[in-house]
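Trainee: Let me give you the structure first, and then I'll get to my questions.
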Amino acid sequence: MPRVDREAVVPMVAGILVALSLLVRLWTASGGWFLRQDFLAAAAAAGLPVDVPGPPGAAALARVMASLAPMSWPAFVALELVGQLAVDLLLYGLLVQLFGRRPAVLLPLAVYLASSLPLVGGLWWSAALVQLPLQLALLIAVTGHVRHLRTGRTGAMAASALAVAVGLLFSTGMALVPLLLLVGTALWGTLAGSRQVWLAQGAAVAVGLAARALSSAGPPVDVSAPADNARDLLGTLMRTVLPGLVGGPWEWSPAVLPLAVPDPSAASATAAAVAVAAVILTTVLVHRGALRAWLLAAATTVVVLVSGAFSPTAAADPELPAGVVPPAVVALVAALGLALASLPVRGAPTVLRRRGWVTRGAGRRVLRWATRPALGAVAVTALGAGLLVSSSAFGQHWSDNAAHEFVDAARAGLTGRTDLVLVDAPVPEAVIPGALAPAHTTAAVLAGAPGLPWVLQEGESANQLTALDPAGRPQLAAVTAVSTSRTGPEPDCGWLVGADAADVPLSRATSDDSWIVKVSYFAGEANVVRVEAGDTVTGALVGTGLHDLYVQVSGSVDRVVLAVEDPARPICVGVVTVGRALPIPPDAK
């Protein structure tokens, strides 16, 4: 019977594991769509006066993607999968570089691939723009550092430092990566002759923080984020991190649909904690030196959780609860910690040594049984089954996307209808909450979609308006009055606008906001009318006959001043109404 080359099989098995995890990700992503902050980038790319929240690196990527593929979910999912594939391959490459191409590296790889911690941050576009680059930056920084220590290549050292600098544009936690590299080097290697490495890393941190400060309006660290996130670190560890490392959480609780947060039962959370503790204890009992790996992993996890607690997510969208995006980097840290605690590092001073009780008698037999490939396959299968259950449970919430249904209905009713003029009104809270104003309007939600009608903006006018109903269907719009004028003084005319302008007072002043001014008029001949209301002064064409003119204005409106371009062609204004343009229900038309 031919002998199987186990080292040659390792890349093939790793490829199968990576492919399966990506299929699960694709299956879960296919039922979702854009939501909440995702629309801000599309609106900004379309030229609307909208700020894109989040770290400067993520905001820049969001604008670029929104310009290249506006509102294209397949394109965004494809990019997310490519990013995740890069993370998976880099992790596998780092494990092989550290420990060799041996079957044992497949277990820590499977721990990461089967973890649910990268799930939400790999599906929700706004979160993926932070989570995926951050993981890539961390892996490149560690890989480059290890390669430089092994080969002395300056390029590897520069790549590591550059990854730290770029990573700081996505998370200020990357500033501590050089310190973690220093500790890891001290524990598994030597610091002799490595001064240039730490100078390069220090310069990378300085450059990264400076670039972050220059590219964002706020301070490098978001000190205004709620401290509640930091106070709930233990809860995050028990509900999210520990279950997420063993295929959990298995159950999710709806946060702000379609987002959900991990919600394992008390028994499940306890079982996950026991399983993680058992793995740690086993490696410590088997190997001297394993404890230092877990201490380094624990310290890194604390850094990740604390830096994540003060992320700008809460400030950008106050309705989102703490922990809505699990810390994907912790899954990487756990995989590397498990590997360092159980496998010797190639080419480094011996750190791991088997304890005496496992080198003889019953201990040796137990260890030989516990390290059988079949048992490893069972563990990997169990982790994969847990991921399937967790992904399926999350997908049930993820597919319940009100924004998707709203925009689909709008596109179906509006595509090709360039004869219509849309009201830029707030969309339902379930689509984009009012907390994300001013990007909670029709223009923001439909930004970038091709073949759609013109959306009325401040200072623009129309003779008829269309508005989207709560389901996203276009309907004829009418102005619901907030303030109106009285009848004008001219018999059979109202307010005469000719040689003199008409100063039309309203029944009461409106608040300082965005409004629609409706001017009901009669004109014997076409003319151009000048409209002054609130903070807006604009011109509009009026046609022959009895019509309504709708003008988008802003500010507090207590009167509307009307003047015509040609006084020889006066117009009569019957009434002026200021209010909101709302869709007329079909049964009321």
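The values are calculated or read from the model by the stated rules, or taken from the named source; none is laboratory data. Predicted model, so just to flag it, every value in this text is computed and none were measured. Backbone-built Cβ (ideal geometry, glycine too); neighbour counts: all protein chains shown. Calculation scope for accessible area: heavy atoms of the full protein, side chains included, ligands and nucleic acids excluded. Shrake-Rupley method; radii C 1.70, N 1.55, O 1.52, S 1.80 Å.
Trainee: Could you size up the charge dipole of segment 35-187 around its Cα centre, putting +1 on the beta carbon of Lys and Arg and -1 on that of Asp and Glu, and report it in debye to the nearest 20? Could you put the intermediate results ahead of the total?
Mentor: Values: 7 positive and 4 negative charges, 109 e Å.
Around 520 debye, computed over segment 35-187.
Trainee: Using Cα-Cα distances under 8 Å and only pairs 6 or more residues apart, what relative contact order does segment 121-212 have, in percent?
Mentor: 28 percent
Trainee: Here is a further query. Just to check, using Stokes-Einstein with a Kirkwood Rh over alpha carbon pairs, what's the diffusion coefficient of segment 402-461 at 4 °C and 1.567 mPa s in µm²/s?
Mentor: Using the Kirkwood radius from Cα pairs, D works out to 109 µm²/s.
Trainee: Local charge sum around Ala128 (other residues, Cβ-Cβ under 14 Å, Lys/Arg +1, Asp/Glu -1)? Could the numbers behind the result be given before it?
Mentor: Details: positive: Arg25, Arg36; negative: Asp38, Glu80.
In short, 0.
Trainee: While we're here: Using 0.36 nm per residue of separation minus the Cα-Cα distance, give me the extension gain between Ala499 and Asp535 in nm, one decimal.
Mentor: Roughly 10.5 nm would be gained on extension.
Trainee: Over its Cα atoms, what ratio of radius of gyration to 2.2 N^0.38 Å does segment 8-63 give?
Mentor: 1.74
Trainee: Taking K and R as +1 and D and E as -1, what net charge do the other residues with C-beta under 9 Å from the C-beta of Cys572 add up to?
Mentor: With Lys, Arg at +1 and Asp, Glu at -1, the net is -2.
Trainee: A further question follows. Take every Cα pair under 8 Å in the chain that's 6+ residues apart, average their separations, divide by the length, and report that relative contact order as a whole percent.
Mentor: 14 percent
Trainee: With all protein chains present, calculate the accessible area of Glu429 using a 1.4 Å probe and round the result to the nearest 10 Å².
Mentor: About 110 Å², ignoring ligands and nucleic acids.
Trainee: Given only helices, namely DSSP H runs of n ≥ 4 each adding -39500 (n - 2.57), what is the per-residue ellipticity at 222 nm of the chain, to the nearest 500 deg cm²/dmol?
Mentor: Taken over the chain, the calculation gives -15500 deg cm²/dmol.
Trainee: Tell me, what is the 1.4 Å probe accessible area of Met238, in Å² to the nearest 10?
Mentor: Met238 has an accessible surface of roughly 70 Å² with all protein chains in place.
Trainee: Oh, and also: Which value in nm describes the separation of the simple spin-label points at Asp566 and Ala69, placed 7 Å from the Cα toward the beta carbon?
Mentor: 5.3 nm
Trainee: Hey, with R₀ at 45 Å, roughly what FRET efficiency would Leu81 and Arg354 work out to, going by the Cβ-Cβ distance, to 0.05?
Mentor: For R0 = 45 Å, the calculated efficiency reads 0.65.
Trainee: With only alpha-carbon atoms in the gyration tensor, what are the semi-axes of the equivalent ellipsoid for segment 233-285, in Å, largest first?
Mentor: They are 24, 9, 8 Å, listed from largest to smallest.
Trainee: Leaving out ligands, DNA and RNA, and with a 1.4 Å probe, what % of the accessible surface on the chain is carbon or sulfur?
Mentor: 63 percent
Trainee: Set the Förster distance to 56 Å, then compute FRET efficiency between Ala299 and Arg411 from the Cβ-Cβ distance, nearest 0.05.
Mentor: It comes to 0.70.
Trainee: State in Å² the accessible area per residue of the chain; use a 1.4 Å probe, count heavy atoms of protein chains only, and round to the nearest integer.
Mentor: Value returned for the chain: 44 Å² of accessible area per residue.
Trainee: Could you give the spread of the C-alpha atoms of segment 442-560 along their three principal axes, from largest to smallest, in whole angstroms?
Mentor: So the extents along the principal axes, rounded to whole Å, are 47, 33, 22.
Trainee: Taking the Cα centre of each part, how many Å lie between segment 379-402 and segment 434-476?
Mentor: Taking the Cα centre of segment 434-476 as reference, the centre of segment 379-402 is 36 Å away.
Trainee: Here's something else I'd like to know. Order the following by accessible area, largest value first: Arg346, Arg36. Probe radius 1.4 Å; ligands, DNA and RNA are ignored.
Mentor: Arg346, Arg36
Trainee: Cβ under 14 Å from Arg288's Cβ, Arg288 left aside: what net charge do those residues give with Lys, Arg +1 and Asp, Glu -1?
Mentor: Result for the local shell: +4.
Trainee: Taking 4 °C and 1.567 mPa s as the conditions, I'd like the Stokes-Einstein D for segment 99-145 in µm²/s, using the Kirkwood hydrodynamic radius from alpha carbon pairs.
Mentor: Taking Rh from Cα pairs, D becomes 106 µm²/s.
Trainee: Lys/Arg Cβ at +1, Asp/Glu Cβ at -1, dipole of the chain taken about the Cα centre: which of Leu90, Val64, Leu291 is farthest positive-ward?
Mentor: Highest projection toward the positive end goes to Leu291.
Trainee: Related question: Inverting the mean 1/r over all pairs of different Cα atoms, compute the Kirkwood radius of segment 66-211 and quote it in Å.
Mentor: 16.4 Å
Trainee: Can you name the helices of the chain, as whole DSSP H runs, whose Cα span along the helix axis is 24 Å or more and whose Kyte-Doolittle mean is not below 0.0?
Mentor: Details: long enough: 6-29 (34 Å, 1.53); 73-99 (39 Å, 1.61); 125-151 (38 Å, 0.87); 195-215 (30 Å, 0.86); 266-286 (30 Å, 2.21); 290-309 (29 Å, 1.74); 373-398 (37 Å, 1.06).
In the chain, the long hydrophobic H runs are 6-29, 73-99, 125-151, 195-215, 266-286, 290-309, 373-398.
Trainee: I would also like to ask the following. Quickly rank 465-475, 560-570 as a protection proxy: mean count of other C-beta atoms within 10 Å, highest first. Intermediate results must be reported in sequence, preceding the final value.
Mentor: On the way: 465-475: 19.6, 560-570: 16.7.
Those peptides, ordered most packed to least, come out 465-475, 560-570.
Trainee: Turning to a different aspect of this structure: So, with +1 on the Cβ of K and R and -1 on the Cβ of D and E, and no other charges, what is the size of the charge dipole of segment 24-105 about its Cα centre, to the nearest 20 debye?
Mentor: 260 debye
Trainee: Take each of the peptides 139-151, 430-442, average the number of other beta-carbon atoms within 10 Å over its residues, and list them starting from the highest.
Mentor: On the way: 139-151: 21.1, 430-442: 19.4.
Sorting 139-151, 430-442 by mean packing, highest first, produces 139-151, 430-442.
Trainee: For the chain, would you read off the P(r) tail past 35 Å as a percentage of all alpha carbon pairs?
Mentor: Of all Cα-Cα distances in the chain, 49 percent exceed 35 Å.
Trainee: Same structure, new question: Using only the alpha-carbon atoms of segment 142-216 as identical scatterers, what base-10 log of I(q)/I(0) does the Debye formula give at q = 0.19, 0.20, 0.28 Å⁻¹?
Mentor: With no solvent term, the Cα-only Debye profile gives -0.71, -0.77, -1.33.
Trainee: Mind computing the radius of gyration and Dmax over the alpha-carbon atoms of segment 373-422? Å is fine for both.
Mentor: Rg and Dmax of segment 373-422, Cα atoms, are 21.6, 68 Å.
Trainee: Take the Cα radius of gyration of segment 1-151 and divide it by 2.2 N^0.38 Å, with N its residue count; two decimals is plenty.
Mentor: Expressed relative to 2.2 N^0.38 Å, the Cα Rg reads 1.23.
Trainee: Run the simple label-point estimate for Ser265 and Ala104 please: 7 Å along Cα→C-beta, distance reported in nm.
Mentor: Result: 3.7 nm between the two label points.
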